[in-house]
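These notes concern the structure reproduced below.
The values are calculated or read from the model by the stated rules, or taken from the named source; none is laboratory data. This one's a predicted model, so the numbers in the text were calculated from it and none came from an experiment. Quick reminder, even Gly has a Cβ in these numbers, built from the backbone with ideal geometry, and neighbours come from all protein chains shown. Ligands, DNA and RNA are excluded from the accessible area calculation, which covers all protein heavy atoms including side chains. Shrake-Rupley method; radii C 1.70, N 1.55, O 1.52, S 1.80 Å.
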Amino acid sequence: MSIADSSVFPAPVFKDTVLGPLFEKVKAHHVEPFRRINQAHCVMLAETGLLTPEQAQAIASALLDIDRTMDVKTLVYDGSVEDFFFHHERELIGRLGADLAGRLHTGRSRNDIDHTVFKIALKEAIDRTATKARALCAAMIEKAETEAQTLIVAYTHGQPAQPTTFGHYLAAGIEVLLRDLERLEDARRTTDLCSMGAAAITTTGFAIDRHRMAQLLGFSAPQQNSYGCIAAVDYVTSSYAALQLIALHLGRIVQDLQFWSSFEVGQLYVPSAFVQISSIMPQKRNPVPIEHARLLLSLAYGRASGMLAVMHNTPFTDMNDSEGEVQVGGHAVFEALDRALDLVTGLIEAVSIDTERVAHNTDCACITITELADGLVRAEGLAFRDAHEIASVVARAVVATGKSLGEAGYVAFCPAFKAQTGRQTSIGEAQFQNMVSAGHFVAVRNRFGGPEGSVLRGALHGYRQELETLAASAGQASEREDDASAELAHLIHRLAQIPQSMKQARG
């Protein structure tokens, strides 16, 4: 069946809904990586002899001229070419002619170019976010060290449970954030494998040097399997899964900050610089930056979920589902998460614990009663179940009086002890008061991972070392990429000038 087709590419609706918007997104986000790939490929082709010195000089000069003269911001997509790649190639052809300009594309495809562009941009975004996350971690460690002995009420199931310290609480969050940073670093390692040289799918018959391309572009190594270079988008999924977990885990801590700052709990004081007033209720202190932090983290989480959902049930091949639209869409995840990380860092540095309110809540809720049971086992030699029953009776009696454990506890304790054991207790009132104090509760919990001061300080020292290791690893990667960028700039300019030694070697 023959179908007459007089249509001309691109269809207006395709131009307006896909090609034009994609062109604008490339202009905004991917021009610099594309420029570096062209330069690196030119250098590699010259070094492998796939371009003669004269050809390499002409192409290098033209590439640099395009960089100098083409004002990317003013470009408007008119449909005369398919995308930015072909627009750039048209610029190259205009300077060199089709035959010579076309030689730059030897041994490569838009497929491997695209994924390499995306990886370069994604690495840069990951690095910015990781820097902010490390800054938050450092702020949390600093705060935890300062607040290592500041008592708070710890909650389980929304109810007062036991005393601990603000430093101990923050240390738990620090451990999670460090693991999140390790997951992000692992995702970056996946992203740090170069796709160039895979060409469309299966590499090429030309004697290109994939390792040299990876080196020139600042990657740690080429991604080995060429099919995977254009199909395995786990560099995308692992990156956004890591970002999603940062948002999820940090959001739980922010939710606690919101709860602790409520009037009914009140153990967290948020300074006035982070408080908005009501337009009608003059008594209100609204710590709305905490809400904004929660919102931004939820936005980051949701947007990251969207990135993963787009990849779900897609074919294991090169596909538009993993390319320009979604890659640029991912920047919204970083935008929300970066703002949240900065905001939470500022909040952590600014907030403090209302120690009077903590003491009041501790007394009212009888949250040191666990240590009374434990202390009876140690001091009186009771079985834990008997000690627990005595402590339970004391707690109920104290709560019924409306007084604190320190005020009414000993009066209730003595008869409860005798009723359970059939004898008088050897514990005097002063010893009892110490046993049920929050300070004692924390001090005796000196097991590995507990809140006692020396144990906690040892943990924080270890966290700081872990953070320094992560920062050093990031610094090494950054240094390698900076060195590669400097080398590439040097080589492309030198190539454009054809050093005399190359002319003599050619002769």
Go through region 203-217 residue by residue and turn each phi into a ³J(HN,Hα) via Karplus (6.51, -1.76, 1.60, θ = phi - 60°); whole Hz please, and just put x for glycine and proline.
6, 8, x, 6, 7, 6, 10, 5, 5, 5, 4, 4, 5, 5, 8
Portion, in percent, of the accessible area of region 93-242 that falls on carbon or sulfur, probe 1.4 Å
51
Between region 406-437 and region 362-381, how far is it from one alpha carbon centroid to the other, in angstrom?
10
In what order, largest first, do Y269, Y410, Y240 sit by accessible area if the probe radius is 1.4 Å?
Y269, Y410, Y240
For region 244-355, what is the per residue volume of the convex hull drawn over the alpha-carbon atoms, in cubic angstrom?
124
If R0 is 41 Å, what FRET efficiency do you get for R480 and T106 from their C-beta distance, rounded to 0.05?
0.95
R183, R128, ranked by accessible area, largest first (probe 1.4 Å):
R128, R183
In nm, what is the difference between 0.36 nm times the number of residues separating R285 and E380 and their Cα-Cα distance?
29.3 nm
Report relative contact order for region 288-402 in percent, whole number only (criteria: Cα-Cα under 8 Å, sequence separation at least 6).
24
Tell me, what % of the accessible area of region 245-362 is carbon and sulfur with a 1.4 angstrom probe?
57
Dividing the mean separation of Cα pairs under 8 Å (6+ apart) by the residue count of the chain yields a relative contact order in percent of 19
Expected output is a single nm value to one decimal: the length gained when fully extending between E24 and T314, i.e. 0.36 nm times separation in residues minus the C-alpha distance. What is it?
101.9 nm
With a 10 Å radius around each residue's Cβ, average the other Cβ atoms per peptide and rank 117-125, 282-290, highest first.
117-125, 282-290
So if we plug the beta-carbon distance of T69 and R128 into 1/(1 + (r/R0)^6) with R0 = 35 Å, what FRET efficiency do we get, rounded to 0.05?
0.70
Treat every Asp and Glu Cβ in the chain as -1 and every Lys and Arg Cβ as +1, leave all other atoms uncharged, and give the resulting dipole magnitude about the Cα centre to the nearest 20 debye.
440
Could you look at region 369-507 and say what percent of its accessible area is carbon and sulfur, using a 1.4 Å probe and all protein chains?
53
Report the gain in length on full extension from H292 to S305: 0.36 nm times residue separation, minus Cα-Cα distance, nm rounded to one decimal.
2.7 nm
Of K73/K119; K143/K403; K73/K123; K73/K132; K25/K119; K27/K119, which sit over 26 Å apart, Cα to Cα?
K143/K403; K73/K132
Cα-based radius of gyration of region 136-289 once divided by 2.2 N^0.38 Å, which approximates compact folds:
1.60
Taking 8 Å as the Cα distance limit and 6 or more residues as the minimum spacing, I'd like the relative contact order of region 1-135 as a percentage.
33
Taking only protein heavy atoms into account and a 1.4 Å probe, give the accessible area per residue of region 116-259 in Å².
37
For region 299-399, with equal point scatterers placed on the C-alpha atoms only and solvent neglected, what are the log10 I(q)/I(0) values from the Debye formula at q = 0.16, 0.21 1/Å, to two decimals?
-0.79, -1.04
I'd like the distance separating the alpha-carbon centroids of region 148-201 and region 1-62, in whole Å.
41
Under a Cβ-Cβ cut-off of 12 Å, what is the net charge of the residues other than V76 that fall near it, where Lys and Arg count +1 and Asp and Glu count -1?
0
From the phi angles alone, apply the Karplus equation (6.51, -1.76, 1.60; θ = phi - 60°) to region 273-281 and give each ³J(HN,Hα) in whole Hz, x where the residue is Gly or Pro.
4, 10, 10, 9, 9, 7, 6, 9, 10
Accessible area per residue in Å² at 1.4 Å probe, computed on region 319-367
38
Grab the beta carbon distance between Q255 and Q431, set R0 = 25 Å, and tell me the FRET efficiency rounded to 0.05.
0.05
For E407, E89, E175, what's the largest-to-smallest order of accessible area, 1.4 Å probe?
E407, E175, E89
